[in-house]
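Q: So that we are looking at the same thing, I have put the structure below in structure tokens.
Please treat every number below as a calculation from the coordinates, not as lab data. All values reported here derive from a predicted model rather than from experimental measurement. Because the Cβ atoms are built from the backbone with ideal geometry, glycine has one as well, and the counts that use them run over all protein chains shown.
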Amino acid sequence: MADKSSIEWTDATWNPVTGCTKITKGCDNCHVERFAERWRGIRGHSCEQGFDLRLWSSRLEQPAQWRRPRMIFVNSMSDPFHKGMDRAFIDRVFDTMEAVDRHVYQVLTKRSSLMRGYLLERYSGRLAPEHIWFGVSVEDRTAISRIRHLQDTPVSIRFLSIEPLLGPVGEIGLEGISRVIVGGESGPNARPMQPEWVHEIRDRCKVKIDVLRGYPDYH
């Protein structure tokens, strides 16, 4: 857990779970894995286990220790819906987020179908609390099914993290999407991002904004 974050779109990070496994080409150069593996075997370090999946019961109450409201990125060092996660532990993470509602929580996943199933069950017949935002990662057009899964969830705030952007995303539907984050890959062996891919996403967002403002859609 970090009281401050260098991530531009959040204030802090909270990691009741660390470690993950790769499921898509967007994971190939994972900078979090690279960081965690540097500390594998160092006794006493929080990444002593490298990037192996680990559930931290001791961290579940950490948000309650922050009195000033924050924007919190949940599981920045994992995926909150990893298949290795015990359902009871996911419930405990959500219990904390619901109880400590002075913060805004940003829950981001690549495992969108698992998130959809969980949220439909947990919030059957109602919406998730507005202070818990839900997003999916999208790296190119092959991953846009995650957007549809997100749109099928009973939540108030949905966002997209289109990073690392590795190719054009095509005609994405933005119905029900509140925010879109776009970025390239960084670090060793970073794959280049083309400006036209970003422009395409920007233009899709602009169309939506114009429609919401009541302007004619000429695009």
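Q: With only alpha-carbon pairs counted, each pair once and no self-pairs, how large is the Kirkwood hydrodynamic radius of region 121-164 in angstroms?
A: With all distinct Cα pairs of region 121-164 included, I get 11.2 Å.
Q: Right, another one. Treat every Asp and Glu Cβ in region 100-219 as -1 and every Lys and Arg Cβ as +1, leave all other atoms uncharged, and give the resulting dipole magnitude about the Cα centre to the nearest 20 debye.
A: I would put it at about 340 debye.
Q: For region 150-219, what mean projected area does the convex hull of the alpha carbons give, in nm²?
A: In nm², the orientation-averaged hull projection of region 150-219 is 5.7.
Q: What length, rounded to one decimal in nm, is gained on full extension from D52 through to A64, with 0.36 nm per residue of separation minus their alpha-carbon distance?
A: Working: separation 12, 0.36 × 12 = 4.32 nm, distance 2.65 nm.
1.7 nm is the gain from fully extending D52 to A64.
Q: Based on a Kirkwood Rh over C-alpha pairs, give the Stokes-Einstein translational diffusion coefficient of the chain at 25 °C and viscosity 0.890 mPa s in µm²/s. Show your work: numbers first, answer last.
A: Details: Rh = 18.3 Å.
For the chosen part, D equals 134 µm²/s.
Q: Loop only per DSSP, at most 15 neighbouring Cβ atoms within 10 Å: give me the GluC sites (Glu not before Pro) in region 1-61, ordered by residue number.
A: E8, E48, E61
Q: Want the number for H45 to V207: 0.36 nm per residue separation, take away the alpha-carbon distance, what's left?
A: Numbers: separation 162, 0.36 × 162 = 58.32 nm, distance 4.75 nm.
Extra length from H45 to V207 when fully extended: 53.6 nm.
Q: Counting other Cβ atoms within 10 Å of each Cβ, which GluC sites (Glu not before Pro) in region 128-219 have at most 16 and sit in a DSSP loop? Before the final figure, lay out each step's value.
A: On the way: sites: E130, E139, E171, E175, E185, E196, E200; in loops: E130, E139, E171, E175, E185.
Taking region 128-219 and a limit of 16 other Cβ atoms within 10 Å, the loop GluC sites (Glu not before Pro) found are E130, E171, E175.
Q: As I understand it, the value is the acute angle between the Cα axis of helix 112-122 and the longest principal axis of the Cα atoms of the chain; what does it come to in degrees, rounded to 10?
A: 80 degrees
Q: Which entries in K22/K83; K110/K208; K25/K110 show an alpha-carbon gap greater than 21 Å?
A: Those over the limit are K110/K208.
Q: If I model a spin label as a point 7 Å beyond the Cα along the Cα-Cβ vector, how far apart are those points for M71 and E130 in nm?
A: Using points 7 Å along Cα→Cβ, the separation is 1.7 nm.
Q: Roughly how tilted is helix 195-212, in degrees to the nearest 10 and between 0 and 90, from the longest Cα axis of the chain?
A: 70 degrees
Q: Tell me, in nm to one decimal, what length is gained between T142 and L120 on full extension, where the rule is 0.36 nm per residue of separation less the Cα-Cα distance?
A: 5.5 nm
Q: In region 4-67, what trypsin sites (Lys or Arg not before Pro) fall in a loop by DSSP, with at most 10 other Cβ atoms inside 10 Å?
A: Those satisfying the criteria are K4, R43, R67.
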